[in-house]
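Each remark here refers to the structure printed beneath this line.
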Amino acid sequence: MTGTPEEKSLKGLFIRTYGCQMNVYDSERIRDVLRPLGYAPVEAPEAADLVVVNTCHIREKATEKVYSELGQLKRMKEASGGRMTIAVAGCVAQAEGEELIRRQPAVDLVLGPQAYHKLPEMIARASRAIGDRLETEFDTIEKFDALPKTREVDGPTAFVSVQEGCDKFCTFCVVPYTRGAEISRRVDDIVFETRSLASQGVREITLLGQNVNAFHGPAPVIEGGDDWTLGQLCRHLSKIGGIERIRYTTSHPRDMDDDLISAHGDTPALMPFLHLPVQSGSDRILKAMNRGHTADHYRDIIARVRQARPDIAVASDFIVGFPGESDADFEATMQLVRDIGYAIAYSFKYSSRPGTPAAEMHGHLSEVVKDERLQALQGLLREQQTEFNASQIGKSLPVLVTGKGRNPGQMHGRSPYLQAVHFEGPESLNGKIVDVKIVGASLNSLTGELMRVPEAVL
Ligand code: SAM
Ligand code: SF4
């Protein structure tokens, strides 16, 4: 769906997305908001009339990348004779505000994650060189209400935002400051969006939120009008024709309630994959992080989820080198990893973020120590991931076909456990769920052979 805008009246739009899946979703919605104004995606920033840099503030490196990208865009803007408009969206925009325009004056517009529905109005104001170039107010409900109710999607998988913001205030994290307070979307609106996605061929939805399992959106009046939990929402969405797979991310151990755990056992559409970040295996560090749970509480949740859905694949996030983390604390993290056995996990060196409580704590560790610990943890996680993938060899897995592979005749798709699967098969299978016998596995993907496909599916 990208390329040079075909009609003269179309304007080129290029969006660069950094960071989490929430940002990927937001970028899709920015495209939806701008489509009625005649903006069509182009493949390179040089060809764009409007470049949106959708930013991430979670670690220092992510923020620095944004400034270096803005330097390159400034040169392109000059080469375009000033035709290009540069907008910075997302969490860096929220956190830096005016400072962004001061450090890089080529930036025309700055808008926080709760303001991108205001982009059309801001572009109009900028073209007339009037009004504010900065929009960083927090009003998530207004944003949810103002966005187009339907979306254009490409492919059988899509994100659906159900919750935004965070009230947990982990001491290392900027999200509560950049994304604002926790807020849930109305069930009616989520159902409407999901139905529209299903009618366009979407088979798998991933419900998104910074703390998605804290979801408590009001149900339709006909269903009683009470606030629903994520488990109730998943069961309800699983009844929508065409939606065969549901996932959710990212969740918090404190919000993993009994109902959601039992939904993993009683809702076949809920995929056997749980991304439940733990951050550390040391109770002392978890306390300093203000996570509100212990390592054993986390072990207990995983045990209960595995009881409800024995084949569930578990994923997590870890931070190494939090201020004050001792060798024994780090060893407790390694032990937790050995105890749980992860299918996949993301691990980061602690990055000090200005304005967060952890930035002011004593005992910041050297980069050398953080590097050593990260390497040790990632080595163990890689072993577990390789082992988990290899355990699929010989099994037949239902694979949702998501597109053509790199080699001719090859297709790729997703297993229930969110693994990439490559196999030979016809293009007509795109968007279908087919059985694939797994014959090979590596760290990042599986290879398989297509099983007999019923005529009706071909
Ligand atoms: N809400 C989720 C949770 O509770 O875990 C995660 C949201 S955050 C966008 C994604 C991940 O970034 C976190 O799980 C954490 O591992 C990592 N992260 C957040 N702040 C960080 C920091 N200051 N330094 C290093 N990693 C960080
Ligand atoms: Fe950040 Fe903690 Fe909120 Fe996750 S729960 S977004 S890590 S403050």
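Seen from a random direction on average, the alpha-carbon convex hull of the stretch 10-77 projects onto 4.5 square nanometres. With viscosity 0.692 mPa s and temperature 37 °C, the Kirkwood radius over alpha carbon pairs of the stretch 206-332 converts through Stokes-Einstein to a diffusion coefficient of 209 µm²/s. Ranking Phe330, Val439, Thr402 by Cα position along the charge dipole of the stretch 330-458, where only Lys, Arg, Asp and Glu carry charges on their C-beta atoms, puts Thr402 farthest toward the positive end.
Across the stretch 306-458, the convex hull enclosing all Cα atoms gives 160 Å³ per residue. Solvent exposure of the chain amounts to 43 Å² per residue of accessible area, where only protein heavy atoms count and the probe is 1.4 Å. Principal axis analysis of the Cα atoms in the stretch 218-260 yields extents of 31, 26, 15 Å, listed in decreasing size. Rounded, prolate or oblate: which fits the stretch 69-114 when a ≥ b ≥ c are the square roots of the eigenvalues of the alpha-carbon gyration tensor, with rounded for a/c under 1.5 and prolate only if a/b beats b/c? Prolate, since a/c reaches 1.5 and a/b exceeds b/c. The dipole here belongs to the chain: it is taken about the Cα centre, uses +1 on the Cβ of Lys and Arg and -1 on the Cβ of Asp and Glu, and is about 820 debye. Note on Ala62/Gln307: beta-carbon distance plugged into 1/(1 + (r/R0)^6) with R0 of 51 Å gives a FRET efficiency of 0.85.
Note on the chain: Cα-Cα pairs beyond 36 Å make up 33% of the total pair count. Restricting the calculation to Cα atoms, the stretch 142-230 shows an Rg/Rh of 1.00 when the hydrodynamic-style radius is the Kirkwood one.
The antiparallel fraction among DSSP beta bridges confined to the chain stands at about 35%. Just to be sure I understand the curve: with the Debye formula and one point per C-alpha of the stretch 156-280, what is log10 I(q)/I(0) at q = 0.16, 0.18 Å⁻¹? Normalising to I(0) and taking log10 leaves -0.76, -0.95.
The relative contact order of the stretch 360-419, computed from alpha carbon pairs under 8 Å that lie at least 6 residues apart in sequence, is 21 percent.
Counting only protein heavy atoms and a probe of 1.4 Å, the accessible surface of the chain is 51% carbon and sulfur. Only one residue of Val42, Ser27, Phe14 has its Cα farthest out toward the positive end of the dipole of the stretch 4-67, where Lys and Arg carry +1 and Asp and Glu -1 on Cβ, and that residue is Ser27.
Taking 4.7 Å between beta carbons as the limit, the unpaired Cys residues of the chain are Cys20, Cys56, Cys91, Cys166, Cys234. When the C-alpha to C-alpha distance is required to be over 19 Å, the pairs from Lys11/Lys404; Lys65/Lys349; Lys149/Lys404; Lys168/Lys349 that qualify are Lys11/Lys404; Lys149/Lys404; Lys168/Lys349.
Give me the tail of P(r) for the stretch 410-450 as a percent: Cα-Cα pairs with distance above 15 Å. Here the long-distance tail beyond 15 Å is 28 percent of all Cα pairs in the stretch 410-450.
Send over the semi-axes of the stretch 291-388's equivalent ellipsoid, whole angstrom and largest first, taken as the square roots of 5 times the C-alpha gyration tensor eigenvalues. Walk me through the numbers before you get to the answer.
On the way: eigenvalues 138, 52, 25 Å².
Semi-axes from the Cα gyration tensor: 26, 16, 11 Å.
Its relative contact order, with pairs defined as Cα atoms under 8 Å and 6+ residues apart, puts the stretch 315-458 at 19 percent. Counting only the Cα atoms, the stretch 201-242 fills a convex hull of 77 Å³ per residue. The alpha carbon gyration tensor of the stretch 204-275 gives principal lengths a ≥ b ≥ c with a/c of 1.5 or higher and a/b no greater than b/c, which makes the shape oblate. Partners of Lys239 within straight-line reach, counting lysines whose Cα lies under 19 Å from its Cα and excluding those fewer than 8 residues away in the same chain: Lys432.
Shape of the stretch 364-416 from its Cα gyration tensor (a ≥ b ≥ c, root eigenvalues): rounded if a/c is under 1.5, otherwise prolate when a/b > b/c, or oblate? In terms of gyration-tensor shape, prolate.
The values are calculated or read from the model by the stated rules, or taken from the named source; none is laboratory data. None of the values given here were measured: they were computed from a predicted structure. Ideal geometry is used to build each Cβ from the backbone, glycine not excepted, and the neighbour counts take in all protein chains shown. With ligands, DNA and RNA removed, areas are computed over all heavy atoms of the protein, side chains included. Shrake-Rupley method; radii C 1.70, N 1.55, O 1.52, S 1.80 Å.
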